[in-house]
Amino acid sequence: MPLPAAKSTPGSTERNRFAQNLFAPLPQRYDRLAEILSFGQNGRWRRAMVSRIGPADGQAVLDVASGTAGVALQLAERTGASVIGVDLTEQMLRQGQRNVAGSAMAERIRLVAGRAEQLPFGDGTFDALTFTYLLRYVTDPEATLRELARVIKPGGRVASLEFMVPPSRFWRAWWWLYTRLLLPAGGLLTGGREWFAVGRFLGPSISGHYRRYPVPWTVEAWRRAGFTDVGVRVMSLGGGLVMWGTRAGG
Ligand SMILES: C[S@@+](CC[C@H](N)C(=O)[O-])C[C@H]1O[C@@H](n2cnc3c(N)ncnc32)[C@H](O)[C@@H]1O
């Protein structure tokens, strides 16, 4: 039951349209290829992020950039929460809806269309919030973080997952080779033209994001947006980054 597509949402940006065009053709193979192309690391990273939310029986958790609902499903299963997943791309949400309907969690997960930059929820609606692979797709990451903080209750938990550029020069060289050569080739072989485009886009997108917004900047941006006790965990030699914090004022 995804709500109307976010493309009709007032305030929709060029970046939003770019993300929609990128993700619209992907949902059918997304879950399988996200695992294959990350050598199974995506699943590990997700589990590490969801662990930061902890038990949340009967609580309300918002999962932003929910896509095909992989994180939303895990949140509902592992924390006992009721979960709302919000995403910009209707096609991803439709696949998410099929995934949710085929699971034992259908009663506790609802998916809605919306933009992280302008969430369709009131202040302090949620006990906790997760967001995954989001900040590279928004024009102003700090303003988006403020919007995420707005909908969490004071004292509520937040956790995120994003790709990262390995800090070690040695692993960065391998990472560069992987993202610039193997990922596009692997995408093409396993998913065709659309996944080739994603494979080509990802490496430069991740590098460009961290040139502009290095990890220490991001930690400070979380604090300025209203989160305390901000922590980071570098995953898989620097291929991924899990972050967490608490909404100030609890
Ligand atoms: C790489 S997918 C991740 C999906 C899911 N979180 C997962 O881990 O499988 C990124 C998702 O972010 C969504 N997205 C991009 N920009 C967004 C925005 N501004 N607001 C909400 N969702 C957005 C895309 O539509 C896409 O489904």
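Rule-based calculations on the coordinates, nothing more; no lab input. These numbers were taken from a predicted model, which means no experiment stands behind them. Neighbour counts run over all protein chains shown; Cβ positions are idealised from the backbone, glycine included.
Table for the structure above
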quantity: Two-decimal Rg/Rh across segment 69-172, once Rg and the Kirkwood Rh are taken from alpha-carbon atoms; calculated: 1.00
quantity: Among GLY155, ALA72, ALA34 - extreme Cα towards positive end, dipole of the chain, charges at beta-carbon; calculated: ALA34
quantity: Rg(Cα) / (2.2 N^0.38 Å) computed for segment 116-250, rounded to two decimals; calculated: 1.16
quantity: Residues with amide H under 5 Å from that of GLY85, placed H, sequence gap 5 or more; calculated: ASP63, ARG110, LEU111, VAL112
quantity: Antiparallel bridges, percent of DSSP beta bridges restricted to segment 80-163 (to nearest 5); calculated: 10
quantity: Segment 184-250: relative contact order in percent, alpha carbon pairs under 8 Å with at least 6 residues between; calculated: 18
quantity: Computed magnitude of the charge dipole of the chain (debye, nearest 20; Cβ of K, R +1, Cβ of D, E -1); calculated: 580
quantity: The chain - Debye-derived log10 I(q)/I(0), Cα point model, q = 0.07, 0.09 Å⁻¹; calculated: -0.21, -0.35
quantity: Burial ranking of peptide ranges 156-169, 99-112 (average Cβ count within 10 Å, highest at the top); calculated: 156-169, 99-112
quantity: Vicinal HN-Hα couplings computed from phi for segment 114-127 (Karplus, 6.51 cos²θ - 1.76 cosθ + 1.60; Hz; Gly/Pro x); calculated: x, 9, 4, 6, 8, 6, x, 9, x, 4, x, 6, 10, 7
quantity: Radius of gyration and Dmax over the Cα atoms of segment 199-247, both given in Å; calculated: 12.2, 36
quantity: DSSP-defined antiparallel bridges as percent of all bridges, the chain, nearest 5; calculated: 45
quantity: Relative frequency of Cα-Cα separations exceeding 16 Å in segment 1-122, percent; calculated: 61
quantity: Antiparallel DSSP beta bridges within segment 1-138, percent to nearest 5; calculated: 5
quantity: Euclidean distance of C-alpha centroids, segment 41-71 and segment 191-237, integer Å; calculated: 17
